[in-house]
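Colleague: Here's a structure for you.
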Amino acid sequence: MSVLCLLLVLNALRPVRQAHLGVPLFFAAWLVSELAPYLLVGAVVGVTVLLVLGDLTAATWVGVGVSLGVIAGLVRMVLVAEEVEQLAEDALSEWAEEGAGAGEAGSHRPHPVRRWLVAMRFSHPEVERIADVPYTEEGHRRHQLDVYRRTDHPTGCPTLLQVHGGGWVIGDKKQQGRPLMTHLARLGWVCFAPNYRLSPRATFPDHLVDVKRAIAWVREHGAEYGADPGFLVITGGSAGGHLAALAALTANEPAYQPGFEDADTRVQGCVTFYGVYDLHGETGTKAYQVRHDRLMTRLVMKTRDLDVFEQASPLAQVHGDVPPFLVVHGRNDTLVPVAEARAFVAKLREVSSQPVVYLELPGTQHAFEVFHSIRSGHVVRAVGRFVEAVRANAAAR
């Protein structure tokens, strides 16, 4: 057991990048790295019990020695996660020095012990969730969204649209972005989390069309829930990060708004978590090739036409007229290599006159902010500061 735990810890610290076992290895690394405090307590208790109650043979001492290695690795993960707070502060401070001005929001910081005890608790007494609101008249079961807002129902609130991930083939609005939406709702935002049609039944750009339908619906009906539809920030992770980025880059593009071409689908800011930015091979990573061959051409795009992939690639659609961006990516991400985020940010910074803030997180896997953890808490508060600053800067113009 000690050896198995050590292998899991080593995989979290230095992820194994193996195509055929990529998903199981990712899940192992993701859970160990984000749940490190819990596992650390368990490892310490286990070693203590073994020393107090166990038969202290040579094999036992070998197990204890290996377990101490496990404990050291878990301590390292906790310390790296805590470093994210300063990294986020540095990224936002750099932005402020360039004249944008980082916000002061996001002060709802729980005690460290409480942060560790509520990893899977997403409800909050100050926040209510209105579930399954239809955003089209077609009656499609995936054309529904959830609304998160403060229980005292403020009005004129800034607005967030959260797009879930899942490789364009799985996922649900209830499963992702909950820590961020709860945090922002407490700060007085109204957050909308839509579902969208999934592949293989849906073919791209159906997914993007649905996201834009949700934006158009929020513009028209958001005020009914206390939102100010004139200020809308879009966010998402993984495939949701791809769709959020592409929605921000293709605002008011008629080809992606069939039947609602005149609707305003502009957004005032975009925050992407571990997004997929390269769909046509510009970065040349091995992960891109695996994703392209096994997922995109067979299930999502259903074509090998490179022009179609280029149109769907945020990296290829970057232009100067884009909203402020915050790009967050883990350096240990084995599903979407950090090279994609670096290339996307570099291209944005080349042409955009708006702020482009990049937060690269050491020791961090894909999907790190799905539940509450030390790392996700720091990042969520940083995102709160970023979007509040974008809002303040927009109001000042």
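Colleague: Looking only at residues in segment 177-206 that are closer than 15 Å to Q144 by Cα and surrounded by 23 or more Cβ atoms within 10 Å (Cβ to Cβ), which one is nearest to the chain's Cα centre (by Cα)?
Modeller: If we take residues in segment 177-206 being closer than 15 Å to Q144 by Cα and surrounded by 23 or more Cβ atoms within 10 Å (Cβ to Cβ), then A193 is nearest to the chain's Cα centre (by Cα).
Colleague: Next question. So G236 clears everything in (1) part of a helix (DSSP H, G or I); (2) touching a Gly at 6+ places or on another chain (Cβ under 7 Å) except one condition, right? Which one?
Modeller: Here G236 clears every test but (1).
Colleague: In segment 104-119, is there at least one residue being closer than 19 Å to A185 by Cα, at pLDDT 95 or above and outside any loop (DSSP other than H, G, I, E, B)?
Modeller: Just the residues of segment 104-119 that are closer than 19 Å to A185 by Cα, to begin with: 104-110, 115, 118-119.
Among the residues that remain, those that are also at pLDDT 95 or above are: none.
Checking segment 104-119: not a single residue is closer than 19 Å to A185 by Cα, at pLDDT 95 or above and outside any loop (DSSP other than H, G, I, E, B).
Colleague: Restricting attention to segment 245-253, does a residue exist that is under 29 Å from P355 (Cα atoms) and either exposed (fewer than 15 other Cβ atoms within 10 Å of the Cβ) or among the acidic types (D, E) (or both)?
Modeller: Of the residues in segment 245-253, the ones under 29 Å from P355 (Cα atoms) are 245-253.
With either exposed (fewer than 15 other Cβ atoms within 10 Å of the Cβ) or among the acidic types (D, E) (or both) added as a condition, the list becomes 252-253.
Yes.
Colleague: While we're looking at this one, here's another question. Applying the selection to segment 212-244, what residues are surrounded by fewer than 20 Cβ atoms within 10 Å (Cβ to Cβ), within 29 Å of S199 (Cα to Cα) and in contact with a strand residue (DSSP E or B) (Cβ under 6 Å, 6 or more places away or on another chain)?
Modeller: R219 - this is the single residue of segment 212-244 that is surrounded by fewer than 20 Cβ atoms within 10 Å (Cβ to Cβ), within 29 Å of S199 (Cα to Cα) and in contact with a strand residue (DSSP E or B) (Cβ under 6 Å, 6 or more places away or on another chain).
Colleague: So, in segment 254-281, of the ones that are more than 22 Å from L361 (Cα to Cα) and among the small types (G, A, S), which residue ends up surrounded by the fewest Cβ atoms within 10 Å (Cβ to Cβ)?
Modeller: Taking the candidates together, the pick is G259.
So that you can scan it fast, the table gives a plain yes or no per residue for (1) touching a residue at least 12 places away in the same chain (Cβ under 8 Å); (2) among the aromatic types (F, W, Y); (3) touching a helix residue (DSSP H, G or I) at 6+ places or on another chain (Cβ under 9 Å):
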residue	(1), (2), (3)
R304	no, no, yes
H319	yes, no, yes
V322	yes, no, yes
S352	yes, no, no
V356	yes, no, yes
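Colleague: Would you point out the residue of segment 20-46, among those that are among the β-branched types (V, I, T) and surrounded by fewer than 19 Cβ atoms within 10 Å (Cβ to Cβ), that is nearest to the chain's Cα centre (by Cα)? Outline the logic, then answer.
Modeller: Taking segment 20-46 as the starting set, the residues that turn out to be among the β-branched types (V, I, T) are 23, 32, 41, 44-45.
The next check asks that each one be surrounded by fewer than 19 Cβ atoms within 10 Å (Cβ to Cβ); those that pass are 23, 41, 44-45.
Values: V23: 18, V41: 27, V44: 31, V45: 33 Å.
Out of the qualifying residues, it is V23.
The values are calculated or read from the model by the stated rules, or taken from the named source; none is laboratory data. Every value quoted in this text rests on a predicted model; they were computed, and no experiment measured them. Note that each Cβ is placed from the backbone with ideal geometry, even for glycine, and that neighbours are counted across all protein chains shown.
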